[in-house]
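Enquirer: Handing you a structure now.
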Amino acid sequence: MKETASFRNWLLLGGCMAACAPAPILRLLLVTGVIPEMASVPTVLIFGSSIVAAAFVITWASETAEKDISQGLALAVIALIAVLPEYAVDLYLAWTAPGNADNAALATANMTGANRLLVGVGWPMVFFLYWLVTRKGTLGVSGHDTSLGLIFLGAATLYNFVIPVKGNISLIDSAVLFSLFGSYIYLVSRAPAREPELVGPASTLGALPRRWRRGTVTLLFLYSALAIFSAAEPFVEGLKDIGEELGISEFVLIQWFAPLASEAPELTVAAILASRGRALAAMVMLISSKVNQWTLLIGSLPVAYSISGTDIGPLPMDSRQVEEVFLTAAQSAFAVAIFASLSISSREALLLLGLFGTQLFFTDPAVRYGYGGVYLLLAVFVLFQDRHTLPIVFREARQPSGKAPTMSTGPPGSSRARGRTKKPSR
């Protein structure tokens, strides 16, 4: 029975790896001119399938890696690899901006769209998958990894309010944001590893001898990263072509369609984890992904812009991008405030999704600044209401534990953790 399950797991892993293969192979053939450019629809289907398959491989590899490194570091690695398509698109736009001024605005648009999509869709998605599995109205996210991620996300959010005031993204911003990301990775890696509960292909990988296990997991990470990176550009370009045929503007395509495609791996990984009863791990991964996008990604833009250009200088932003960065920072502030209670309720998940969804229908600057103001007012209100739990967040961030994170309905010591699962009304 065990041998049959192991064979089935290897077969499943091999199938997903085979589905990843068309991305690097076809990309190489396209770049070298061995085969002609493909039509938009098959391009999206083939490269999109490779991205989804790579997301599955990343999930199994990261779960196995928890045997040797902390869960927080494993999830941070997933978040970093899964967001590679977003980096590929954004850095390409920043790199070409010196020769094409329009791409400077598009690079910022792509970054802000990806960040808002992650919080406005990804975080509510994890909660609702958790609700489908448990039928509980509140998801507790108490734990060292969550608290540490929230503190660094809060710090990055506060700093990024400076960017719309300046009207550009400079190398000084890069230095500050890179330092935040480096500190976050260093601290999250210090938590001890724990013995995870592995199922499916991850359980088969976890049964390998340590040396073989570590080597296999490393190769799977690298292979998945190669597949995702190879698939990113043709997948996004294929979507752009389809959108243009339907009469959709380039700005909308870059800000929303491209991020929707490039965020697909991490959203897929999060959905897999949440649907398998690991909603807390999924939320930690998305928080980590938000941290690296809100620090490493945005900080990389002026670096790419300066290296590719003749002068070292900041990446300029027009008035629309100033507005977009402010709105993104305001949404991030509200999202962090929600987790000040170390939990998220159905009402809060709906509010995140609703505010994100409705803002898409308005392009007037006054209305969008109004949305930013609403986010900030809600953030202040929520932080004031949950001020008693803020010390718990900082205490948990300072005290890494090797224990498995719990799926409680509230933070330690709160009324929800003691049995009343109803979230206080906000």
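We did not get these values from a lab; they are worked out from the coordinates using the rules stated. Because the structure is a prediction, the values reported are computed rather than measured. Cβ sites come from the backbone with ideal geometry, for glycine too, and all protein chains shown count toward neighbours.
Enquirer: Which one of T218, G372, L360 has its Cα pushed farthest toward the positive end of the charge dipole of the chain, where Lys and Arg give +1 and Asp and Glu give -1 at the Cβ?
Expert: With unit charges placed on the Cβ atoms, the residue in question is T218.
Enquirer: Please report how many Lys pairs in the chain have alpha carbons closer than 29 angstrom, counting only residues at least 8 apart along the chain or sitting on separate chains.
Expert: Eligible lysine pairs with Cα atoms under 29 Å apart amount to 15.
Enquirer: Within the set of other residues whose C-beta is less than 11 Å from the C-beta of G243, count the net charge using Lys and Arg as +1 and Asp and Glu as -1.
Expert: Numbers: positive: K240; negative: E237, D241, E244, E245, E250.
Net charge around G243: -4.
Enquirer: R320 to A39: extension gain in nm, 0.36 nm per residue of separation minus the Cα-Cα distance?
Expert: Details: separation 281, 0.36 × 281 = 101.16 nm, distance 3.30 nm.
Residue separation times 0.36 nm, minus the Cα-Cα distance, leaves 97.9 nm.
Enquirer: Could I ask something else about it? Mean separation of Cα pairs under 8 Å and 6+ residues apart, divided by the residue count of the chain: what relative contact order is that in percent?
Expert: Working: 675 pairs, mean separation 137.8, N = 426.
Relative contact order, the chain: 32 percent.
Enquirer: At 222 nm, what helix-only mean residue ellipticity would the chain give, in deg cm²/dmol to the nearest 500, using -39500 (n - 2.57) for each DSSP H run of four or more?
Expert: Working: 20 runs with 297 residues, N = 426.
So the calculated ellipticity at 222 nm is -23000 deg cm²/dmol.
Enquirer: What is the magnitude of the charge dipole of the stretch 202-340 about its Cα centre, with +1 placed on the Cβ of each Lys and Arg, -1 on the Cβ of each Asp and Glu, and no other charges, expressed in debye to the nearest 20?
Expert: On the way: 9 positive and 12 negative charges, 267 e Å.
Its charge dipole is roughly 1280 debye.
Enquirer: Give, in nm to one decimal, the length gained when the segment between D311 and S183 is fully stretched (0.36 nm per residue of separation minus the Cα-Cα distance). Show your work: numbers first, answer last.
Expert: Values: separation 128, 0.36 × 128 = 46.08 nm, distance 2.96 nm.
That pair, D311 and S183, stretches by 43.1 nm at full extension.
Enquirer: Right, another one. At a Förster radius of 25 Å, what calculated FRET efficiency corresponds to the Cβ-Cβ distance of I248 and D364, to the nearest 0.05?
Expert: Details: r = 19 Å, r/R0 = 0.77.
The pair I248/D364 has a calculated efficiency of 0.80.
Enquirer: Using alpha carbon centroids, what distance separates the stretch 230-262 and the stretch 6-34, in Å?
Expert: 23 Å
Enquirer: Which of the listed residues, A397, A114, M38, is farthest toward the dipole's positive end in the stretch 2-398, when Lys, Arg count +1 and Asp, Glu count -1 at the beta-carbon?
Expert: Looking along the dipole axis, the top candidate is A397.
Enquirer: If you take every residue apart from A109 with its C-beta less than 15 Å away from the C-beta of A109, what net charge results, scoring Lys and Arg +1 and Asp and Glu -1? Write out the running numbers ahead of the final one.
Expert: Numbers: positive: R116, K240, R320, R368; negative: E86, D90, D102, E250, E263, D318, E323, E324.
Taking every Cβ under 15 Å from that of A109, the sum is -4.
Enquirer: Further question: Rounded, prolate or oblate: which fits the chain, taking a ≥ b ≥ c as square roots of the Cα gyration tensor eigenvalues, rounded meaning a/c under 1.5, else prolate when a/b beats b/c?
Expert: Values: a/c = 1.61, a/b = 1.04, b/c = 1.55.
Because a/c hits 1.5 or more and a/b fails to exceed b/c, the chain counts as oblate.
Enquirer: With a ≥ b ≥ c taken as the square roots of the eigenvalues of the C-alpha gyration tensor of the stretch 1-142, please select rounded if a/c is under 1.5 and otherwise prolate if a/b is larger than b/c or oblate if it is not? List each step's numbers first, then the result.
Expert: Numbers: a/c = 2.12, a/b = 1.23, b/c = 1.72.
Oblate shape, in that a/c is at least 1.5 and b/c is the bigger or equal ratio.
Enquirer: Roughly how many debye, to the nearest 20, is the charge dipole of the chain about its Cα centre, given +1 on each Lys and Arg Cβ, -1 on each Asp and Glu Cβ, and no other charges?
Expert: Here the size comes out at about 2320 debye.
Enquirer: Which of the peptides 252-259, 313-320, 224-231 is most tightly packed, and how do the rest follow, judged by the mean count of other Cβ atoms within 10 Å per residue? Walk me through the numbers on the way to the answer.
Expert: Values: 252-259: 22.6, 313-320: 17.6, 224-231: 25.8.
Put in order of decreasing packing, that is 224-231, 252-259, 313-320.
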